[in-house]
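Visitor: Can you keep this structure in mind? I'll have questions shortly.
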């Protein structure tokens, strides 16, 4: 079985964001970029499935600028076998990502597509669902446990409001990964060196048989209003009065 | 422990200007001579530039020597110094500008560039990778690896995945041995391996102790109408009283940004002094505040710097390796610039390494000392040698007059050398004997609370790992430092790592918030009992500076 994992290059989760002064987005100049943490979990899961003997190839894919090669190399160092970058210099919206991945699924014929449940930059949480819809494949979102059950079946445990829900799906399928699925491994220096010789193929978005005009228009980006300073109260009675005054009690 | 091992011809610790210049020059020279020399650079920051913090003013000559075509290669060096001012701040309102003729020559910055060193290092990193250097970011060189004959054989990277008690967590990865014929140490000021090497090979024999400062820096985006790219301001005087050394800098970069900071000499005597608060107060001066009003603070960080200069130079070579850049203390304390010397020391190291390869197996790097003494680094540090001690001995005004005379008229040729033989940690006076300092509350617009500042350093450490700030004797902070100095770590640390807290019964304890640490090394330098050892935390931890 081949597993395709989609990864997105995003501003690292430790970095405090600054909105550009013209409101056209956030500053990314000189800012540390990383694999979207949920996607990193998906890469880890794919490698674990392969290590358990249920897959023979892990292919990582990213859509974006040349710089995404860094994230693909990191995924290769974790243990993916092969990488593919779809070059695209404009904003990648979920539908564009889903259509591009659909085209790649057509070419690569994976049995399983894994990716994070959402990217931490736009928090859209749409690409996996759209991809499953376009492919007409079953899907399981927010996976916290994945078990390849054999005979073309996979069992997925999902974290839902009521607790845990377990689904049984037929392969091929699309699964989006949640935080508690696994803890990605530490990369080792010898693996980084090995990853340099693993194949990384580049494609232009224009080479894929898809048409997409952006349907969403980002009007403006702004920083949230700063939180007003707190008030220190002297006693419980004062606290109760203050809460009553605010209409909370 | 059985460890995996990788081998390179040259291993370099630290992806700063010295380490990267060495890596680049080795590849360039090897290329010219048709040699295949493998070079790796270990960087503890999560990426190249993440732990780099400097003013920074750059003397371009050294970069030009490394890359004559730096302009075409789009080095992030675009803003030349346009106007410059040196001011004495007399109180919080008045600034006395020095007329041009009265400015000591080393402090004249005409022809130099205002840069972000972090961005310059990112660029150098790309150039190095383009030449085939393997840069491993997120890997701290944790300990030294010795050859049988006692020389350096390389380094061991830090273990990943240990919990607070040092037990292995799931996913634990043991550090690996990075073995090399030559290992170059370029960790920056007061590197923890540099400290061990200095001790092991007695590199400081005959040299004065190193002297240090702590630099606290912020980057602001200011009103376009007030922004003048290339404008450079240096101040001394207020808010420090005459007994402590230090001063402020404010450089206009491009993109409406200004880099500003305050340096306090770590030879201060009053344990109540708080460098962070001095920096916050300095911003409220009538010369600075109007510029920042209406602006946004983008970044915060801090780093120790060395300013011992010529008298404090250690031997830089030892069997199997070299100490480079600020790890050896090459900042010129009269100029307050050092990037050019870091770059030059890297290039000198590269030449020495290539010559040693040509000389055959096992050749040592002793030649480096000779090359270093013949280099412009040595001559400029020699020429500047009396400036810092004079300022220490005689204060900013009298010492400043000497500075001018010594540098502008005599070019450092006086037939004597002033010394500062007492180490910075040894000069602290008892808390009870010193006046407490009353710092103003932050206004939330120009001056800020410390934790709000630390948040802008993008610092992150895995929480469940062994504490990387190790006390040699756990009782010293409360048994000695607290009664004598009111535990000064609480104030000199620019990231609120050290806190003395009392419980309901009044029992005091020292809390070490290691996850706040911005890797400035000040605690390892200034602790009066020399009881704190700064060790690298899990690789990738620490600040994530953007354009510092």
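Visitor: Can you confirm whether residue B:181 is part of a loop (DSSP other than H, G, I, E, B) and touching a residue at least 60 places away in the same chain (Cβ under 8 Å)? Full working, then the answer.
Guide: Details: part of a loop (DSSP other than H, G, I, E, B): no; touching a residue at least 60 places away in the same chain (Cβ under 8 Å): yes.
In short, no.
Visitor: Here's another thing I want to ask about it. Here is a check on your reading of the model: is residue B:389 outside the structural domain of residue B:331 (by TED's automatic domain parsing) and either part of a helix (DSSP H, G or I) or free of Cβ contacts under 8 Å to residues at least 12 places away in the same chain (or both)? Break it down stepwise before answering.
Guide: Details: outside the structural domain of residue B:331 (by TED's automatic domain parsing): yes; either part of a helix (DSSP H, G or I) or free of Cβ contacts under 8 Å to residues at least 12 places away in the same chain (or both): yes.
Criteria met by residue B:389.
Visitor: Further question: Pick from the range B:517-540 the residues that are farther than 29 Å from residue B:255 by Cβ and within 13 Å of another protein chain (Cβ to nearest Cβ): which of them is modelled with the highest pLDDT?
Guide: Initially, the range B:517-540 is screened for residues farther than 29 Å from residue B:255 by Cβ, giving B:517, B:521-539.
When the remaining residues are screened for being within 13 Å of another protein chain (Cβ to nearest Cβ), the result is B:538-539.
Working: B:538: 95, B:539: 91.
Residue satisfying both the conditions and the ranking: B:538.
Visitor: Moving on. Taking the options B:53, B:42, name whichever one is part of a strand (DSSP E or B) and either over 18 Å from the mean Cα position of the chain (by Cα) or surrounded by 15 or more Cβ atoms within 10 Å (Cβ to Cβ) (or both). Before you say what the answer is, go through the steps one by one.
Guide: On the way: B:53 fails: part of a strand (DSSP E or B).
B:42 is the lone residue from the list that is part of a strand (DSSP E or B) and either over 18 Å from the mean Cα position of the chain (by Cα) or surrounded by 15 or more Cβ atoms within 10 Å (Cβ to Cβ) (or both).
Visitor: Let me ask you something else. For residues that are in contact with a helix residue (DSSP H, G or I) (Cβ under 8 Å, 6 or more places away or on another chain) and in a loop (DSSP other than H, G, I, E, B), scanning just the range B:116-136, find the one that is farthest from residue A:186 (Cα to Cα). Let's see the steps before the verdict.
Guide: Let us first name the residues in the range B:116-136 that are in contact with a helix residue (DSSP H, G or I) (Cβ under 8 Å, 6 or more places away or on another chain), namely B:117, B:120-121, B:124-125, B:127-128, B:131-136.
Right, trim to in a loop (DSSP other than H, G, I, E, B) and you get B:131-133.
Working: B:131: 27, B:132: 24, B:133: 22 Å.
Within the range B:116-136, the match that is farthest from residue A:186 (Cα to Cα) is B:131.
Visitor: Also, quick follow-up: Can you name the residue in the range A:192-221 that is assigned to a helix (DSSP H, G or I) and away from chain B (no Cβ under 14 Å) and is also surrounded by the fewest Cβ atoms within 10 Å (Cβ to Cβ) among such residues? Let's see the steps before the verdict.
Guide: Just the residues of the range A:192-221 that are assigned to a helix (DSSP H, G or I), to begin with: A:192-195, A:205-207.
Next, from what is left, pick out any that are away from chain B (no Cβ under 14 Å): A:205-207.
Details: A:205: 19, A:206: 9, A:207: 11.
The selected residue is A:206.
Visitor: Also, quick follow-up: So if I check each of B:188, B:194, B:175, which one is in contact with a strand residue (DSSP E or B) (Cβ under 9 Å, 6 or more places away or on another chain), within 14 Å of another protein chain (Cβ to nearest Cβ), surrounded by 22 or more Cβ atoms within 10 Å (Cβ to Cβ) and not in a strand (DSSP E or B)? Can you show your working first?
Guide: On the way: B:188 fails: within 14 Å of another protein chain (Cβ to nearest Cβ); B:194 fails: within 14 Å of another protein chain (Cβ to nearest Cβ).
Being in contact with a strand residue (DSSP E or B) (Cβ under 9 Å, 6 or more places away or on another chain), within 14 Å of another protein chain (Cβ to nearest Cβ), surrounded by 22 or more Cβ atoms within 10 Å (Cβ to Cβ) and not in a strand (DSSP E or B) holds for just one of B:188, B:194, B:175, which is B:175.
Conditions (1) over 16 Å from residue B:18 (Cβ atoms); (2) in contact with a strand residue (DSSP E or B) (Cβ under 8 Å, 6 or more places away or on another chain); (3) not in a loop (DSSP other than H, G, I, E, B), marked per residue:
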position: B:272; (1), (2), (3): yes, no, no
position: B:287; (1), (2), (3): yes, yes, no
position: B:345; (1), (2), (3): no, no, yes
position: B:363; (1), (2), (3): yes, no, no
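Visitor: Here's another thing I want to ask about it. Have a look at B:409, B:469, B:398, B:428 and point out the one that is modelled with pLDDT of 95 or more and closer than 27 Å to residue B:313 by Cβ.
Guide: B:428
Visitor: Tell me, which strands (runs of 3 or more DSSP E) lie completely within the range A:75-189 with 3 or more residues that are out of contact with any strand residue (DSSP E or B) (no Cβ under 6 Å at 6 or more places or on another chain), surrounded by fewer than 20 Cβ atoms within 10 Å (Cβ to Cβ) and modelled with pLDDT under 95?
Guide: none
Visitor: Run residue A:48 past the list (1) within 14 Å of chain B (Cβ to nearest Cβ); (2) touching a helix residue (DSSP H, G or I) at 6+ places or on another chain (Cβ under 8 Å); (3) at pLDDT 95 or above and report the number of the one that doesn't hold.
Guide: (2)
Visitor: Considering (1) under 24 Å from residue B:354 (Cβ atoms); (2) over 24 Å from the mean Cα position of the chain (by Cα), say which one residue B:144 fails and leave the rest.
Guide: (2)
Visitor: Here's a follow-up. Filter the range B:533-548 for residues that are surrounded by 24 or more Cβ atoms within 10 Å (Cβ to Cβ) and not in a loop (DSSP other than H, G, I, E, B) and give the result.
Guide: B:542, the sole residue that qualifies.
Visitor: Just to be sure, is residue A:14 modelled with pLDDT under 95, surrounded by 16 or more Cβ atoms within 10 Å (Cβ to Cβ) and either closer than 26 Å to residue B:135 by Cβ or away from every other protein chain (no Cβ under 13 Å) (or both)?
Guide: When the stated conditions are applied, residue A:14 passes them.
Visitor: How many residues does the range B:491-522 hold that are surrounded by fewer than 20 Cβ atoms within 10 Å (Cβ to Cβ), within 26 Å of the chain's Cα centre (by Cα) and either part of a strand (DSSP E or B) or free of Cβ contacts under 8 Å to residues at least 12 places away in the same chain (or both)?
Guide: Residues flagged as surrounded by fewer than 20 Cβ atoms within 10 Å (Cβ to Cβ), within 26 Å of the chain's Cα centre (by Cα) and either part of a strand (DSSP E or B) or free of Cβ contacts under 8 Å to residues at least 12 places away in the same chain (or both) within the range B:491-522 amount to 2.
Visitor: What number of residues in the range B:81-101 are in contact with a strand residue (DSSP E or B) (Cβ under 8 Å, 6 or more places away or on another chain) and either surrounded by fewer than 15 Cβ atoms within 10 Å (Cβ to Cβ) or in a loop (DSSP other than H, G, I, E, B) (or both)? Talk me through it step by step, then tell me what you get.
Guide: Within the range B:81-101, the subset in contact with a strand residue (DSSP E or B) (Cβ under 8 Å, 6 or more places away or on another chain) is B:81-90, B:95-98.
Next, only the ones that are either surrounded by fewer than 15 Cβ atoms within 10 Å (Cβ to Cβ) or in a loop (DSSP other than H, G, I, E, B) (or both) stay: B:81-83, B:90, B:96-98.
Of the residues in that region, 7 qualify.
Visitor: Tell me whether the range B:86-93 contains one or more residues that are over 21 Å from residue B:306 (Cβ atoms), more than 20 Å from the chain's Cα centre (by Cα) and within 14 Å of chain A (Cβ to nearest Cβ).
Guide: Initial filter on the range B:86-93 (over 21 Å from residue B:306 (Cβ atoms)): B:86-93.
Add one more test, that the residue is more than 20 Å from the chain's Cα centre (by Cα), and what stays is B:86-93.
Subset that is within 14 Å of chain A (Cβ to nearest Cβ): none.
Looking for residues that are over 21 Å from residue B:306 (Cβ atoms), more than 20 Å from the chain's Cα centre (by Cα) and within 14 Å of chain A (Cβ to nearest Cβ), one finds none in the range B:86-93, hence no.
Visitor: Continuing with this model, one more query. Mind checking which residues of the range B:411-436 are closer than 18 Å to residue B:108 by Cα and surrounded by 13 or more Cβ atoms within 10 Å (Cβ to Cβ)? Please lay out each step first, then the result.
Guide: If we filter the range B:411-436 for residues that are closer than 18 Å to residue B:108 by Cα, which is where we start, we get B:411-412.
Of everything in the range B:411-436, just one residue is closer than 18 Å to residue B:108 by Cα and surrounded by 13 or more Cβ atoms within 10 Å (Cβ to Cβ), namely B:412.
Visitor: Let me ask another. Name the single residue, out of those in the range A:163-191 being more than 16 Å from the chain's Cα centre (by Cα) and within 14 Å of chain B (Cβ to nearest Cβ), that is nearest to residue A:41 (Cα to Cα). Don't jump to the end; show me each part of the working.
Guide: To start, the set of residues in the range A:163-191 that are more than 16 Å from the chain's Cα centre (by Cα) comprises A:163-173, A:185-191.
Next, from what is left, pick out any that are within 14 Å of chain B (Cβ to nearest Cβ): A:185-191.
Working: A:185: 9, A:186: 12, A:187: 13, A:188: 17, A:189: 20, A:190: 21, A:191: 18 Å.
Top of the filtered list is A:185.
Visitor: Sticking with this structure for a sec: Quick check: is even one residue across the range B:432-444 on the phi > 0 side of the Ramachandran plot and within 26 Å of the chain's Cα centre (by Cα)?
Guide: No: the range B:432-444 contains no residue that is on the phi > 0 side of the Ramachandran plot and within 26 Å of the chain's Cα centre (by Cα).
Visitor: Moving to a separate point now. Do you know which of the residues in the range B:294-321 that are in a loop (DSSP other than H, G, I, E, B) and either more than 14 Å from chain A (Cβ to nearest Cβ) or under 13 Å from the mean Cα position of the chain (by Cα) (or both) is surrounded by the fewest Cβ atoms within 10 Å (Cβ to Cβ)?
Guide: Within the range B:294-321, the subset in a loop (DSSP other than H, G, I, E, B) is B:294-295, B:307-308, B:313-316, B:319-320.
When the remaining residues are screened for being either more than 14 Å from chain A (Cβ to nearest Cβ) or under 13 Å from the mean Cα position of the chain (by Cα) (or both), the result is B:307-308, B:313-316, B:319-320.
Values: B:307: 29, B:308: 24, B:313: 24, B:314: 22, B:315: 20, B:316: 24, B:319: 16, B:320: 22.
Residue satisfying both the conditions and the ranking: B:319.
Visitor: Same structure again: I'd like the full set of residues that are surrounded by fewer than 23 Cβ atoms within 10 Å (Cβ to Cβ), within 12 Å of another protein chain (Cβ to nearest Cβ) and part of a strand (DSSP E or B), limited to the range B:137-164.
Guide: Within the range B:137-164, B:137, B:156, B:161, B:162 qualify.
Visitor: Here is a follow-up. Filtering the range A:17-30 down to residues that are surrounded by fewer than 18 Cβ atoms within 10 Å (Cβ to Cβ) and under 20 Å from residue A:63 (Cα atoms), which residue is nearest to the other protein chains (Cβ to nearest Cβ)?
Guide: This residue is A:29.
Visitor: Could you look through the range B:1-19, keep only residues that are touching a strand residue (DSSP E or B) at 6+ places or on another chain (Cβ under 7 Å) and surrounded by 24 or more Cβ atoms within 10 Å (Cβ to Cβ), and pick out the one that is nearest to the other protein chains (Cβ to nearest Cβ)?
Guide: B:11
Visitor: Related question: Check the range B:448-460 and report whether any residue there is surrounded by fewer than 17 Cβ atoms within 10 Å (Cβ to Cβ), touching a helix residue (DSSP H, G or I) at 6+ places or on another chain (Cβ under 7 Å) and either without any contact (Cβ under 8 Å) to a residue 40 or more places away in the chain or more than 12 Å from chain A (Cβ to nearest Cβ) (or both). Talk me through it step by step, then tell me what you get.
Guide: Here is the first cut: in the range B:448-460, the residues surrounded by fewer than 17 Cβ atoms within 10 Å (Cβ to Cβ) are B:449, B:451-452, B:455.
When the remaining residues are screened for being touching a helix residue (DSSP H, G or I) at 6+ places or on another chain (Cβ under 7 Å), the result is none.
The answer is no, given that none of the residues of the range B:448-460 is surrounded by fewer than 17 Cβ atoms within 10 Å (Cβ to Cβ), touching a helix residue (DSSP H, G or I) at 6+ places or on another chain (Cβ under 7 Å) and either without any contact (Cβ under 8 Å) to a residue 40 or more places away in the chain or more than 12 Å from chain A (Cβ to nearest Cβ) (or both).
Visitor: Further question on the same structure: Based on this model, can you work out whether residue A:2 counts as surrounded by fewer than 22 Cβ atoms within 10 Å (Cβ to Cβ), modelled with pLDDT of 95 or more and either within 12 Å of chain B (Cβ to nearest Cβ) or closer than 24 Å to residue A:61 by Cα (or both)? Reasoning before the result, please.
Guide: Values: surrounded by fewer than 22 Cβ atoms within 10 Å (Cβ to Cβ): yes; modelled with pLDDT of 95 or more: yes; either within 12 Å of chain B (Cβ to nearest Cβ) or closer than 24 Å to residue A:61 by Cα (or both): yes.
Taking the combined requirement at face value, the residue satisfies it.
The values are calculated or read from the model by the stated rules, or taken from the named source; none is laboratory data. Note that the coordinates shown come from a computational prediction; the quantities given were computed from them, not determined experimentally. Every residue, glycine as well, gets a Cβ built from its backbone with ideal geometry; the counts of neighbours run over all protein chains shown.
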